[in-house]
Amino acid sequence: MSYLEKMFSLAGKVAIVTGGGRGIGQVVARGFASAGAEVVILSRSGADETVSLIEKDGGRAYHITTDVTNEESVDAALAEILKRSGSIDVVFNNAGICKHQSTFEATLADFREVIDVNLTGEYIVARAAGKIMVERGIKGSIINMASMSGGIVNIPQWQCSYNASKAAVIHMTRSLAVEWAEHGIRVNSISPGYIGTPMSADTPQELRDAWMPLIPMHRMGKPEELIPPMLYLACDAAGYTSGSDVIVDGAYTCL
Ligand code: NDP
């Protein structure tokens, strides 16, 4: 293994990917597995497709049914991972939902649901994993899924709850990075722009057409284009990177 391969390797590491049954999580889970990690997918429905893709590539993965908004469910999943895999080294806190609604259309329950999954869910998983890392002296890496929507307001669709949740994820990330620095745990976030996934496939064509002129690269990103920055944040190459938000948005937020 070359110096560079070693630096970017996840060999011997156990990596959690929440919401890894499809979309960005599935693609990044495959990326982590091909860098040598054993990958554990946490989501409410199954992840057979992700697990079999990883196994076909020659990697190792399994799925645990988990609701990230439920602390008991997360604690049980993490306990099972420790029993089965012996460690938790990398966490990609990716599970998330988005509701396109104006603020007057949305109910309070809608707002709370988005905050519950996108912010509180990431907090529950990060806190539980961080506790295990501290107790076991694991110098782990936690990567929280934010979004460019945490820094800008998307148009023409309204999604106040989503934007607010992602802005909070970015600052929660900074807070945890500082709080856990003395334990050698790194906490970063990633902020993609529009990425082609099942979440965005449901988007009406007229909305996609409205987005294109706003993206300097005039296209959506591919989930695969998130693997390199994710791998960087996950592995030892990023030893001095913590509290950062890595923006991967085709230059959208520069405008
Ligand atoms: P998808 O809808 O394709 O996937 C979302 C995943 O989250 C699913 O696997 C789903 O699994 C899981 N999930 C949702 N709620 C829960 C829950 N309560 N507990 C556990 N898992 C849950 O979305 P994307 O791949 O498009 O997005 C992934 C992340 O990336 C999200 O956080 C999103 O906000 C963010 N993002 C997406 C962008 C895009 O353009 N696609 C742009 C910027 C950020 P299940 O339903 O089985 O639980």
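Convex hull volume of the Cα atoms in the range 84-159, per residue, in Å³?
Cα convex hull per residue, to the nearest whole number: 102 Å³.
Divide by every residue of the chain the summed helix terms, -39500 (n - 2.57) for each DSSP H run of at least 4, and state the resulting mean residue ellipticity at 222 nm, rounded to the nearest 500 deg cm²/dmol.
Computed mean residue ellipticity for the chain: -12500 deg cm²/dmol.
Projecting each Cα onto the charge dipole of the chain (Lys/Arg +1, Asp/Glu -1 at the beta carbon, about the Cα centre), which of 14, 42, 200 comes out farthest on the positive side?
14
Short version: ³J(HN,Hα) in whole Hz for each residue of the range 68-81, in order, from phi by Karplus 6.51 cos²θ - 1.76 cosθ + 1.60 (θ = phi - 60°), x for Gly and Pro, what are they?
Values per residue, Gly and Pro as x: 5, 7, 10, 4, 5, 5, 5, 4, 5, 5, 5, 5, 5, 5 Hz.
At 7 Å along the Cα-to-beta-carbon direction for both residue 207 and residue 1, put a label point, then send me their distance in nm to one decimal.
4.2 nm
Residues with amide H under 5 Å of residue 92's amide H, sequence separation 5 or more or different chain, H placed in the peptide plane at 1.01 Å from N; which?
When sequence neighbours closer than 5 places are left aside, the close amide H contacts are 16, 17, 18, 143.
Among 164, 237, 126, determine the one that fluctuates most according to a GNM of the chain built with springs between C-alpha atoms less than 10 Å apart.
Checking each option, the largest mean-square fluctuation is seen for 237.
Roughly speaking, what % of Cα-Cα pairs in the range 35-99 are separated by over 15 Å, rounded to a whole number?
Looking at the range 35-99, the distances longer than 15 Å represent 55 percent of pairs.
Please report, to two decimal places, log10 I(q)/I(0) for the range 116-234 at q = 0.14, 0.17 Å⁻¹ as given by the Debye formula with identical point scatterers on the Cα atoms and no solvent.
After summing over all Cα pairs, the log10 values are -0.66, -0.91.
Give me D for the range 1-54 in µm² s⁻¹, whole number, from Stokes-Einstein with Rh from the Kirkwood sum over alpha-carbon pairs, 10 °C and 1.306 mPa s.
141 µm²/s
May I ask you to give the percent of accessible area on the range 163-222 that is carbon plus sulfur, with a probe radius of 1.4 Å?
Reported share for carbon and sulfur atoms: 59 percent.
In the structure shown, do any of 139/166; 166/222; 131/222; 56/99; 99/222; 6/166 have a Cα-Cα gap over 31 Å, and if so which?
Numbers: 139/166 25 Å; 166/222 20 Å; 131/222 34 Å; 56/99 35 Å; 99/222 21 Å; 6/166 33 Å.
Listed pairs above 31 Å: 131/222; 56/99; 6/166.
Counting only residues 5 or more places away or on other chains, whose amide H sits under 5 Å from the amide H of residue 63 once H atoms are built in the peptide plane?
Under 5 Å from the amide H of residue 63 lie the amide H atoms of 41, each far enough along the sequence or on another chain.
To the nearest 20 Debye, how big is the dipole of the range 85-202 about its Cα centre, given +1 on the beta carbon of each Lys and Arg and -1 on that of each Asp and Glu?
300 debye
Is there a quick way to get the dipole size of the chain? I mean about its Cα centre, with the Cβ of Lys and Arg at +1 and of Asp and Glu at -1; what is the value in debye to the nearest 20? Provide the component values of the computation, followed by the final result.
Numbers: 21 positive and 28 negative charges, 93 e Å.
Its charge dipole is roughly 440 debye.
What do you get for trypsin sites (Lys or Arg not before Pro) in the range 43-77 restricted to DSSP loop and a cutoff of at most 14 other Cβ within 10 Å of the site's Cβ?
Taking the range 43-77 and a limit of 14 other Cβ atoms within 10 Å, the loop trypsin sites (Lys or Arg not before Pro) found are 44.
With all protein chains present, calculate the accessible area of residue 162 using a 1.4 Å probe and round the result to the nearest 10 Å².
30 Å²
Return one whole number: the accessible area per residue of the chain in Å², for a 1.4 Å probe.
Numbers: 12080 Å² over 255 residues.
Normalised by residue count, the accessible surface of the chain is 47 Å².
So if each residue of separation counts as 0.36 nm, and I subtract the Cα-Cα distance between residue 174 and residue 219, what length gain in nm does that give?
Contour length minus the Cα-Cα distance gives 13.2 nm.
Can you give the charge dipole size of the range 18-115 about its Cα centre, rounded to the nearest 20 debye, using +1 on the beta carbon of Lys and Arg and -1 on the beta carbon of Asp and Glu? Present the calculation step by step, with values, prior to reporting the outcome.
Numbers: 9 positive and 14 negative charges, 50 e Å.
Dipole about the Cα centre, nearest 20: 240 debye.
Amide H neighbours of residue 246 under 5 Å, at least 5 residues apart or on other chains, H built in the peptide plane: list them.
189, 190, 191
Using θ = phi - 60° and the Karplus curve 6.51 cos²θ - 1.76 cosθ + 1.60, what whole-Hz ³J(HN,Hα) does each residue of the range 204-209 get, with Gly and Pro shown as x?
x, 4, 5, 6, 4, 5
If one computes P(r) from the Cα atoms of the range 188-251, what percent of pairs lie at distances over 15 Å?
Values: 1138 of 2016 pairs.
Every Cα pair in the range 188-251 considered, those over 15 Å come to 56 percent.
Using alpha carbon coordinates only, what is the Rg to Rh ratio of the chain, with Rh defined as the Kirkwood radius?
0.95
Bin width 5 Å, origin at 0, all Cα-Cα pairs of the range 1-151: what percent of pairs per bin?
Reading the bins upward from 0: 2, 10, 19, 21, 19, 13, 8, 4, 2, 1, 0, 0.
Which of these, 48, 202, 89, has the largest mean-square fluctuation under a Gaussian network model of the chain (Cα springs below 10 Å)?
202
Calculate, in nm to one decimal, what residue 112 and residue 181 gain on full extension: separation in residues at 0.36 nm each, minus their alpha carbon distance.
Extra length from residue 112 to residue 181 when fully extended: 21.8 nm.
The values are calculated or read from the model by the stated rules, or taken from the named source; none is laboratory data. Predicted model, so just to flag it, every value in this text is computed and none were measured. As a convention, Cβ positions derive from the backbone with ideal geometry for all residues, glycine included, and neighbour counts pool all protein chains shown. Heavy atoms of the whole protein, side chains included, go into the accessibility calculation; ligands, DNA and RNA do not. Shrake-Rupley method; radii C 1.70, N 1.55, O 1.52, S 1.80 Å.
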